[in-house]
Amino acid sequence: MEIILTIGLDALCYILTLLLVSIGLVIIFGLMNVVNMAHGEFFLLGAYSVVLVQKFGGPFWLAMIVGFVAVAIVGLIVEVLVVSRIYHRALDTILATWGVSLVIKQAIIIFFGPASQQVVTPFQAPAHFFGLVYPSYRLFIMLISVMISLCTFIILYRTNLGLMVRGVIANRHMSGCLGLNTQRIDRLTFALGSGLAGLAGVIMAPLMSVDPQMGLGFFLPGFLSVLVGGAGSPLGALWGAGLVGGGTSIIAAIKTPVVSQIIVFSMAMVVIRIFPNGILGRNR
């Protein structure tokens, strides 16, 4: 029973973290039709913001704020200087954001070096419940991920800003004809999506080896979650993260990580074949 509960909690932790990455991707991809190949590097920047803050003796909560704000600003700069000029050229956006990802990686190597960095876990003592000893920091990750995800969905589905964002996702040209400033919405949501990826990097940094290649490990399952859930609906990120993240964690605990990736990627291809626009996707 303890093993089952541990596997379930580990899967939930991974699902919720992947959800933060996927929400940012689905907003950017669904709103702008931009495949942001630098999204994994935004995750990377968030992780390295923890390294930088702890280097100067700052607390972990400050790293969370710095990681979100700093990466959101970087995302805004990338949108203004690069993405905004090539919205209608899908292949160019892939190449341009891939180039941005390479620049970010090389900048990290220049400033921090190629070696992996270690981050101090803010909560050392384990939690005890139902006869199970479980890392308290993983429970903290779940709590923060749920709170941030709920706030994001409330903004998207219960505010005027969210209504405008969903309107642009549904029909950009009609939204522009109705008077919405689509360019301003694009920049705001690109910055928000980037900041969410940075925040995910912050909270995952204590559990991982922080190195210049770590972003790829979350970009691929995050983008796969978007394809499975549906790029036309922000709620699709929840379905996609649950299926991809949950399947990966559970199968990896039973078999091996390699086998889990093979099985999950195969299942994802079947789902995409049956639902070409994703489970909650709309015909574009």
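The values are calculated or read from the model by the stated rules, or taken from the named source; none is laboratory data. Predicted model only: the values in this text are computed from it and were never measured. Cβ placement follows ideal geometry from the backbone for every residue including glycine, while neighbour counts extend to all protein chains displayed.
Looking at Ser22, Ser84, which one is under 23 Å from Leu163 (Cα atoms), surrounded by fewer than 22 Cβ atoms within 10 Å (Cβ to Cβ) and small (Gly, Ala, Ser)?
Ser84
Yes or no: region 100-113 includes at least one residue that is touching a His at 6+ places or on another chain (Cβ under 9 Å), within 22 Å of Phe29 (Cβ to Cβ) and polar (S, T, N, Q).
Within region 100-113, one or more residues are touching a His at 6+ places or on another chain (Cβ under 9 Å), within 22 Å of Phe29 (Cβ to Cβ) and polar (S, T, N, Q).
Determine whether region 13-30 contains at least one residue that is farther than 16 Å from Thr152 by Cβ, assigned to a helix (DSSP H, G or I), over 15 Å from the mean Cα position of the chain (by Cα) and not basic (Lys, Arg).
Within region 13-30, not a single residue is farther than 16 Å from Thr152 by Cβ, assigned to a helix (DSSP H, G or I), over 15 Å from the mean Cα position of the chain (by Cα) and not basic (Lys, Arg).
Could you grab the pairs with beta carbons closer than 8 Å, sequence gap of 6+ or different chains, first residue in region 250-276 and surrounded by fewer than 11 Cβ atoms within 10 Å (Cβ to Cβ), second one in a helix (DSSP H, G or I) and among the polar types (S, T, N, Q)?
none
Given Leu143, Leu192, Leu156, which one is surrounded by fewer than 24 Cβ atoms within 10 Å (Cβ to Cβ), at pLDDT below 85 and assigned to a helix (DSSP H, G or I)?
Going through Leu143, Leu192, Leu156 in turn, just one is surrounded by fewer than 24 Cβ atoms within 10 Å (Cβ to Cβ), at pLDDT below 85 and assigned to a helix (DSSP H, G or I): Leu156.
Leu220 passes all but one of (1) surrounded by fewer than 18 Cβ atoms within 10 Å (Cβ to Cβ); (2) more than 26 Å from Phe153 (Cβ to Cβ); which number fails?
Going through (1) surrounded by fewer than 18 Cβ atoms within 10 Å (Cβ to Cβ); (2) more than 26 Å from Phe153 (Cβ to Cβ) one by one, Leu220 breaks only (2).
For Ile272, state whether it is at negative phi, within 22 Å of the chain's Cα centre (by Cα) and in a loop (DSSP other than H, G, I, E, B).
no
Being farther than 23 Å from Leu45 by Cβ and assigned to a strand (DSSP E or B): is that true of Val133 here?
In short, yes.
Can you spot a residue in region 31-46 that is surrounded by fewer than 23 Cβ atoms within 10 Å (Cβ to Cβ) and modelled with pLDDT of 90 or more?
Taking every residue of region 31-46 in turn, none turns out to be surrounded by fewer than 23 Cβ atoms within 10 Å (Cβ to Cβ) and modelled with pLDDT of 90 or more.
Whether any residue in region 118-128 is under 24 Å from Leu18 (Cα atoms), out of contact with any strand residue (DSSP E or B) (no Cβ under 8 Å at 6 or more places or on another chain), modelled with pLDDT of 85 or more and crowded, with 21+ Cβ neighbours inside 10 Å is what I want to check.
Taking every residue of region 118-128 in turn, none turns out to be under 24 Å from Leu18 (Cα atoms), out of contact with any strand residue (DSSP E or B) (no Cβ under 8 Å at 6 or more places or on another chain), modelled with pLDDT of 85 or more and crowded, with 21+ Cβ neighbours inside 10 Å.
The rows are residues; the columns are (1) in contact with a Lys or Arg (Cβ under 8 Å, 6 or more places away or on another chain); (2) small (Gly, Ala, Ser).
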| position | (1), (2) |
| --- | --- |
| Gly167 | no, yes |
| Asn171 | no, no |
| Met174 | no, no |
| Val202 | no, no |
| Pro206 | no, no |
| Pro212 | yes, no |
| Gly240 | no, yes |
| Lys255 | no, no |
| Ser266 | no, yes |
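Looking at region 1-19 only, could you name the residues that are in contact with a Lys or Arg (Cβ under 8 Å, 6 or more places away or on another chain) and buried (at least 20 other Cβ atoms within 10 Å of the Cβ)?
Cys13
Go through Leu280, Leu238 for me and flag whichever is in contact (Cβ under 8 Å) with a residue 40 or more places away in the chain, outside any helix (DSSP H, G or I) and under 25 Å from Ile148 (Cβ atoms).
Leu280
State all residues of region 72-126 that are farther than 18 Å from Ile185 by Cα, part of a loop (DSSP other than H, G, I, E, B) and of a type in the set (Phe, Trp, Tyr); if no residue qualifies, say none.
Selection gives Phe123 alone.
Quick one: what pairs do we get from region 210-222, first residue closer than 17 Å to Leu243 by Cα, second surrounded by 22 or more Cβ atoms within 10 Å (Cβ to Cβ) and of a type in the set (Ser, Thr, Tyr), C-beta under 8 Å, 6+ apart or different chains?
Phe218/Thr17; Pro221/Thr248; Gly222/Ser22
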